[in-house]
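Laboratory data are not the source of any read-out in this text; all were calculated from the coordinates shown. None of these values were measured; they are calculated from a predicted model. Glycine also receives a Cβ, built like all others from the backbone with ideal geometry; neighbour counts cover every protein chain displayed.
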Amino acid sequence: MKIVYLGTDAFQACFSEVAKEHEILALYTCYGAEDFFRNMHTVAMAHRMEIPVYEHTITVEEEREWIAKGCELFLSADYGRKIPLLPEEEGFYGINIHESLLPEGRSYCPIECAMERGLSRTGVTIHQLSEEFDRGDILLQEEVEILPSEDSVDIYLKCEVKAVELLKKLLGDFTEYWCQALPQKEKLPYWRIEHIRDARLNHDMTIAEARRVYRIYNRMVRVWIGEKVYFVKSFWASSVELCGDELDLGDIRLYRLKDGHLRLGLIEAADTTVWEADRYPFIR
């Protein structure tokens, strides 16, 4: 098949797998400063294969141009942007890989939302694109377990493995699966991250509290140091007390807690408004 791929490193193995057996006409990609999985590896693969890369939201006009060039499928895998739809009569076929067991878990951040809710399982669903986010007919679906010892990144990685398996199966007999797609029987509510304000470190926290927050939210976790807000890109906890509140060691910042300290790798936020944000995605 000739495919236009829209996604990031969260499913880079899917991009690699598709490229083995199919022709990728273009890569559309995006990421935010707080994203653990960005797009550098997928973009690097595309450049090596001489596949054109675009970092803006795909448009209807571009979709028509790709269809005219032979595109048979628009494949979204953690794209994070609204993909405009065209009717099948114009040759438009679009699918999305989503990290939940739809119809449960319609969400921009389904894994973090599942962990907030204390669920013991999530899954991967490949579904047809639809006007409403994550409402499309289901093509394939499989469960993924969430263990207490795992963080949100672990679950993303487990979902990636499952997604590759399902995608190989789907593309092996695409027409059959497309024709047998099952409508989502229930219209369950859209999940939003309910406690994004809790994803902030402070000196009154214990190590256990900080670990719980980082387990769920990872790079969405924010910390205010001096006059700047940072996203936490790496996290290590120690029970040894720190004399001051913080210690700058260049690429690592030591941060005092109630019962020890954290060793943090940080990414500066574009501005301080994300500190008070109570919704995600953060407004940029």
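Placing R0 at 41 angstrom, the Cβ-Cβ distance between Glu165 and Thr206 gives a FRET efficiency of 0.55 after rounding to 0.05.
Strictly greater than 13 Å: what percent of every Cα pair in region 1-47 meets that? It would help to have the intermediate numbers written out before the result.
On the way: 539 of 1081 pairs.
It works out to 50 percent of all Cα pairs.
Distance check, please: which entries in Lys82/Lys228; Lys20/Lys162; Lys20/Lys69; Lys82/Lys185 exceed 25 angstrom between their Cα atoms? Pairs exceeding 25 Å: Lys82/Lys228.
Shown here for region 122-168: GluC sites (Glu not before Pro) in loop regions (DSSP other than H, G, I, E, B) with at most 16 other Cβ atoms within 10 Å, namely Glu131, Glu132, Glu150.
Just in region 162-233: which trypsin sites (Lys or Arg not before Pro) are loop by DSSP and have at most 11 other Cβ atoms within 10 Å? Sites meeting the loop and neighbour criteria: Lys185, Lys187. Each principal axis of the Cα cloud of region 80-166 was taken in turn, and the coordinate range along them, longest first, works out to 48, 24, 18 Å.
Here region 4-119 is assigned +1 on the Cβ of each Lys and Arg and -1 on the Cβ of each Asp and Glu. Its dipole about the Cα centre then comes out at about 200 debye. Where q = 0.13, 0.15, 0.16 Å⁻¹, what log10 of I(q)/I(0) comes from the Debye formula for region 196-276, counting one point per Cα? Values returned for q = 0.13, 0.15, 0.16 Å⁻¹ are -0.33, -0.45, -0.51.
For the chain, what relative contact order do you get, as a whole percent, if you take Cα pairs closer than 8 Å and at least 6 residues apart?
The value is 14 percent.
Out of Ile138, Ile252, Ile67, any idea which swings most in a Gaussian network model of the chain, alpha carbons joined below 10 Å? So, out of Ile138, Ile252, Ile67, the one fluctuating most is Ile252.
Two tests apply to each whole DSSP H helix in the chain, Cα reach of 18 Å or more along its axis and mean Kyte-Doolittle hydropathy of at least 0.5, and the ones passing both are 152-172. Of all the options Arg106, Arg81, Arg48, the one that moves most in a Gaussian network model of the chain with Cα springs shorter than 10 angstrom is Arg48.
Which GluC sites (Glu not before Pro) in region 201-251 pass both tests, a DSSP loop state and at most 11 other beta-carbon atoms within 10 Å?
Answer by residue number: Glu227, Glu241.
Rg/Rh for region 231-284 (Cα atoms only, Rh after Kirkwood) is 1.05. Put +1 on the Cβ of each Lys and Arg and -1 on the Cβ of each Asp and Glu in the chain; which of Gly244, Tyr5, Pro183 then has its Cα farthest toward the positive end of the dipole? Going by the Cα projections, it comes out as Gly244.
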